[in-house]
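The values are calculated or read from the model by the stated rules, or taken from the named source; none is laboratory data. Quick caveat: nothing in here was measured; it's all calculated off a predicted structure. Every residue, glycine among them, receives a Cβ derived from its backbone with ideal geometry; neighbour counts consider all protein chains shown. For accessibility, only protein heavy atoms count, side chains too; no ligands or nucleic acids. Shrake-Rupley method; radii C 1.70, N 1.55, O 1.52, S 1.80 Å.
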Amino acid sequence: MQNILSKFDLDWKNVKTVFRRELANYFNTPIGYIFLGIFVVLVNFLFFFITKLFDRGYALQGLFDMVKLIYLAFIPVITMRLWAEERRSGTVELLLTLPFNEMELILGKYFSALVFLSLALATTLVLPLIALFVSSPDLMVVFGSYLGAVLSGSAYIAMGLYISWLTRDQITAFLLSFLACLFIYLLGYQPVLQFFGPLKELLGFLSVSWHADSLAAGLLDTRDLLYYLSFSALFIYLNKVSIENFRRGN
């Protein structure tokens, strides 16, 4: 671990400082509470009424299918300001003069969004608890489903964070992130894949939702874990390179 940290020259105290600042920003205004409330209401309303929970024996698959769809809008909302607002207000120049390197800034922002998303997911834990009282859900499936939800969210966040850097406008960052998340999601949507013939398996493998479905089946495959790690690492690296170019004036 020490070798890895020295290679990237990371000071986790700096990462923690940025993390605390960004996480506090979600709750310093009513916006964070509003979006958290919307997430809770949407998930619970859709789960109980649209999927007809009581008629389906408290099946939890519908919950995670809805979470994947809600992510398409929710994650762009929580990532759109992370860099775009800094660039619009001009505080990014001040931020880059602080004794933090690019990776410390990126990881601090990345983990703050991931924790905020995890808090939103934690509000849905009451539904599996209800299911435990009225039926016998497979605990491995429940665990895999939540793991897939967290990992797919982390991948979308890494991509949304990078997209936020590319623009100075939060609305533009939201729209671009939404379209990017939708594209990645549709790569794993079977009706869409049917049009690609022999390429459908490859395209499906590139989809964030495809790997989440695999984990939701209770299959803990290292290939899925490596996919999410690689996907997130790619966009974090692209973000790092972009900031370095910005610093050099390119």
field: Residue under evaluation GLU244, criteria (1) touching an Asp or Glu at 6+ places or on another chain (Cβ under 7 Å); (2) at pLDDT 95 or above, criterion not met
entry: (2)
- prompt: Within segment 83-104, can one find any residue that is within 16 Å of the chain's Cα centre (by Cα) and within 16 Å of GLU22 (Cα to Cα)?
  reply: yes
task: State all residues of segment 131-149 that are of a type in the set (A, V, I, L, M) and surrounded by 15 or more Cβ atoms within 10 Å (Cβ to Cβ); if no residue qualifies, say none.
output: ALA131, VAL141, VAL142, LEU147, ALA149
query: Of all residues in segment 63-94, which are open to solvent by less than 10 Å² (accessible area, probe 1.4 Å) and either touching a Lys or Arg at 6+ places or on another chain (Cβ under 7 Å) or not in a helix (DSSP H, G or I) (or both)?
result: LEU82, ALA84
- request: Could you check how many residues of segment 179-217 are open to solvent by 10 Å² or more (accessible area, probe 1.4 Å), β-branched (Val, Ile, Thr) and at pLDDT 80 or above?
  value: 1
- prompt: Restricting the search to segment 110-125, which residues are in contact (Cβ under 8 Å) with a residue 40 or more places away in the chain, more than 22 Å from LEU234 (Cα to Cα) and of a type outside the set (Val, Ile, Thr)?
  reply: LEU119, ALA120, LEU121
